[in-house]
Amino acid sequence: MFRRSTALSAGRYPIPNLDLNYAATGALSGIETFTRASSAWAFNQTGTLSQYAANTPRFDYDPATLASRGLLVEEQRTNLLLNSNTFSAWSNSGLSVTGSSGTAPSGSNDAWLLGAGVAEGRGALIVAIPADTTVYAYSIHLKAGSSAVTDIRLSIVGGSEYDARVTWATAGISVKKGTHAFSPSLQNIGGGWYRAVMGVANTSRTQVLPYIFPAGQGTSATGNVLAFGAQLEAGSFATSYIPTTSASATRAADTCSIPLGAFGYDSAEGTLFAEFLRSAGTNSQQGRAASLSNGSNANLIEIYQAGAATPLGQIYSDGNVQAQFGAAGGAPDTVQRAAIAWAAGASAFCAGGTTVQADTSTVAPPVTSLRVGDRWDGARNLNGNIRRIAYYPRALETAILGRITS
């Protein structure tokens, strides 16, 4: 059904017309148009949380291992929590706060020492929110001090309280109170620092209180912890850090597009490959890794991922579904590899080297551009990292689809 590309590498792999290996190069190739209408933050190659100017791509690195993650593509988000790294501006009870107390994830002496001098010493800051049922993600960077545990809380004013507990001996986090919107997480960001994340659905109230209890809540213990960079954002997962002072701050969405004329696109057939890493906690949101279109939903060839499902593929032509594919396995925070191939009357899809799925009634759609990490209208952002994108000017045979996605 599918034939080999006319050219093969020494390892008997087809040679693509387009091969953007962002994880390896840490740079754009020069054919992309990249925009982001604000500055943004990410971890650089030294594991330091760094600021990137507007319209500057972020090539993200694992701060604990320094491994390259690739091009970071995120949706627009707003940090609603003011004075995100000025804990002296919070409402504190039984809590001492000392600035410039250590090296923060930013590499500067910006860490705060938060000390609970009495049982349940705490800090909190009231935040206004719409009267809706939106999920809000609360995150804060923490480093162990003298405390055995540290609790974080989201309290819906006039509603319920929701707590998560960090246990420093095991570097773990768990639900302590309430039914959370998603499981809390504790990300190792190197240098003894962790980012704690929890999420709660609003119950049509208009205020929420993020808390921190350095030595835990409901205990008689005292102790301290280092803290940096708190964030409250509407969404079912946390995104990269957005610092605030006396007002909320918004990070604009990342967009990356490539005209098809830049790499030699065959309108009759082809194969699109994507290797990507999607952030944990993205739930059912359908994040696009790669999307070919003509600027509408009527004509599409896409590789995407919905929540914990493995990558999916779909083809639309003139508003009609030509093929929709899914595969088993895969999860956020793991590297995904998928390829979708098409030609007159046929298409196929493979993810992770699993069984190739096929369709025998495909019409190739007319498309004009390739979006990397979202779709034509800037929606369906991946909220993760694009490691590699490739395009082959032939519909590759099924055996090769399995090999390139393994």
When region 382-399 is checked residue by residue, the ones that are touching a Pro at 6+ places or on another chain (Cβ under 7 Å) and surrounded by fewer than 22 Cβ atoms within 10 Å (Cβ to Cβ) are ALA390
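Can you find even one residue in region 113-136 that is under 17 Å from LEU49 (Cβ atoms) and in contact (Cβ under 8 Å) with a residue 12 or more places away in the chain?
Looking through region 113-136, none of the residues is under 17 Å from LEU49 (Cβ atoms) and in contact (Cβ under 8 Å) with a residue 12 or more places away in the chain.
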Evaluate the following for THR250: is it β-branched (Val, Ile, Thr), at pLDDT 95 or above, under 23 Å from HIS141 (Cβ atoms) and outside any loop (DSSP other than H, G, I, E, B)? yes
Select, from SER108, SER50, SER101, SER84, the only residue that is of a type outside the set (Lys, Arg), outside the structural domain of GLY373 (by TED's automatic domain parsing) and in a strand (DSSP E or B). SER50
Within region 358-381, how many residues are hydrophobic (A, V, I, L, M, F, W, C), surrounded by 22 or more Cβ atoms within 10 Å (Cβ to Cβ) and under 17 Å from the mean Cα position of the chain (by Cα)? 1
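Yes or no, residue by residue, for (1) touching a residue at least 40 places away in the same chain (Cβ under 8 Å); (2) aliphatic (A, V, I, L, M); (3) not in a loop (DSSP other than H, G, I, E, B):
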site: TYR194; (1), (2), (3): yes, no, yes
site: VAL200; (1), (2), (3): yes, yes, yes
site: TYR211; (1), (2), (3): yes, no, yes
site: ALA215; (1), (2), (3): yes, yes, no
site: SER220; (1), (2), (3): yes, no, no
site: GLY229; (1), (2), (3): yes, no, yes
site: LEU232; (1), (2), (3): yes, yes, yes
site: SER240; (1), (2), (3): yes, no, no
site: SER246; (1), (2), (3): yes, no, no
Selection status of ASN297, more than 15 Å from the chain's Cα centre (by Cα), outside the structural domain of THR239 (by TED's automatic domain parsing) and modelled with pLDDT of 95 or more: yes
Please verify whether region 316-323 includes one or more residues that are over 25 Å from ARG195 (Cα atoms), modelled with pLDDT of 95 or more, over 15 Å from the mean Cα position of the chain (by Cα) and crowded, with 24+ Cβ neighbours inside 10 Å. no
Looking at region 224-235, is at least one residue surrounded by fewer than 24 Cβ atoms within 10 Å (Cβ to Cβ) and touching a helix residue (DSSP H, G or I) at 6+ places or on another chain (Cβ under 9 Å)? no
Specify which of the listed residues (ILE31, ILE126) is out of contact with any Ser or Thr (no Cβ under 7 Å at 6 or more places or on another chain) and farther than 26 Å from ALA215 by Cβ. ILE31
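The values are calculated or read from the model by the stated rules, or taken from the named source; none is laboratory data. Everything quoted here is computed from the prediction, not taken from an experiment. Positions of Cβ are backbone-derived with ideal geometry, glycine not excepted, and every protein chain shown enters the neighbour counts.
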